[in-house]
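The values are calculated or read from the model by the stated rules, or taken from the named source; none is laboratory data. Keep in mind that this is a model prediction, so the values were computed, not measured. When we count neighbours, we look across all protein chains shown, and the Cβ atoms used for this are built from the backbone with ideal geometry, even at glycine.
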Amino acid sequence: MDYFEDNLKLAAQNEELQSQVDQLTVENTQLLQDKDELNSLRDLYELDHKYETYEKVGARVISKDDSSNWFNTFTIDKGSNDGLAVDMNVMAGSGLVGIITDVGPNWATVRSIIDDYSNVSAQISETEDTCIIAGDLSLTDEGTVRLVKLNDPDSKVKVGDTVVTSQISDIFLPGILIGYVSEIGVDSNNLTHSGLVSTVVDFKDIKEVLVIKNLKQKAES
């Protein structure tokens with residue numbers, strides 16, 4: 001009888017221990033989630049102050065394109081009821097995420113700069129030479145986007161230079177950080193340059209964003 005009682009006590013102790021381990025696992029997971037959210041909110045706070053001249057609203061990502069592992073197109077939980085509109089610029093992390101392409105009363109769709117259909121008029125901060133940043137999902141694993149049609153007649157642009165949105169863009173507000181030149185070379189026509197830009201936003205995981213409510217034409221009027 002003592003043998004069975006001992007086994008029952010041991011089983012009960014093991015069950016209690018497993019319950020404690022499960023609880024600790026849940027608590028640890030929650031702490032990690034809270035830490036990630038805190039870091040994300042801290043980034044948004046810094047972005048808000050960096051671009052303080054623009055009116056902005058925060059939003060959470062509520063879904064993304066199921067056909068991709070990346071946040072190339074996704075939906076946020078704010079919409080026209082919050083004053084959002086098509087062509088508003090979206091930021092996260094340390095800079096530009098993309099632009100709003102569709103809006104409902106309480107949601108909006110965002111197309112990221114990594115999307116194959118994305119083209120952003122940009123410039124090199126150090127030289128003010130203009131270029132196009134073209135999305136290419138095949139490069140996303142490398143954390144880069146394409147830099148094309150760079151007008152750099154004196155070949156002054158170098159690896160590490162800063163890439164921001166250009167004043168001449170029709171829809172993107174000027175001076176928003178995109179990333180840094182990671183590769184550059186002369187095109188076969190010997191007139192333009194092309195290369196790669198490492199983005200400052202991690203497009204593997206976007207939870208919160210800042211939407212700039214100033215539209216380009218309104219910002220310039």
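Assorted remarks:
- Residue in the stretch 40-59 that is modelled with the lowest pLDDT, counting only those that are surrounded by 14 or more Cβ atoms within 10 Å (Cβ to Cβ) and not in a helix (DSSP H, G or I): TYR51
- Taken as a whole, the condition of being modelled with pLDDT of 95 or more, over 12 Å from GLY195 (Cα atoms) and more than 17 Å from the chain's Cα centre (by Cα) applies to ASN106.
- Residue satisfying condition, being in contact (Cβ under 8 Å) with a residue 12 or more places away in the chain and surrounded by fewer than 16 Cβ atoms within 10 Å (Cβ to Cβ), within set LYS158, LYS216: LYS158
- Scan of the stretch 83-103 for residues that are over 12 Å from the mean Cα position of the chain (by Cα) and buried (at least 19 other Cβ atoms within 10 Å of the Cβ), ordered by number: LEU84, MET88, ILE100, VAL103
- When restricted to residues that are closer than 17 Å to LEU137 by Cα, in contact with a helix residue (DSSP H, G or I) (Cβ under 9 Å, 6 or more places away or on another chain) and surrounded by fewer than 16 Cβ atoms within 10 Å (Cβ to Cβ), the stretch 163-213 contains 2.
- The condition (being of a type outside the set (A, V, I, L, M, F, W, C), more than 16 Å from TYR180 (Cβ to Cβ) and surrounded by fewer than 16 Cβ atoms within 10 Å (Cβ to Cβ)) is satisfied by just one residue among SER121, SER112, SER125, SER138: SER138.
- The stretch 147-200 - residue that is of a type in the set (A, V, I, L, M) and in a loop (DSSP other than H, G, I, E, B) and, of those, nearest to the chain's Cα centre (by Cα): VAL200
- Taking (1) modelled with pLDDT of 95 or more; (2) in contact with a Phe, Trp or Tyr (Cβ under 7 Å, 6 or more places away or on another chain); (3) among the β-branched types (Val, Ile, Thr) in turn, THR144 satisfies each apart from (2).
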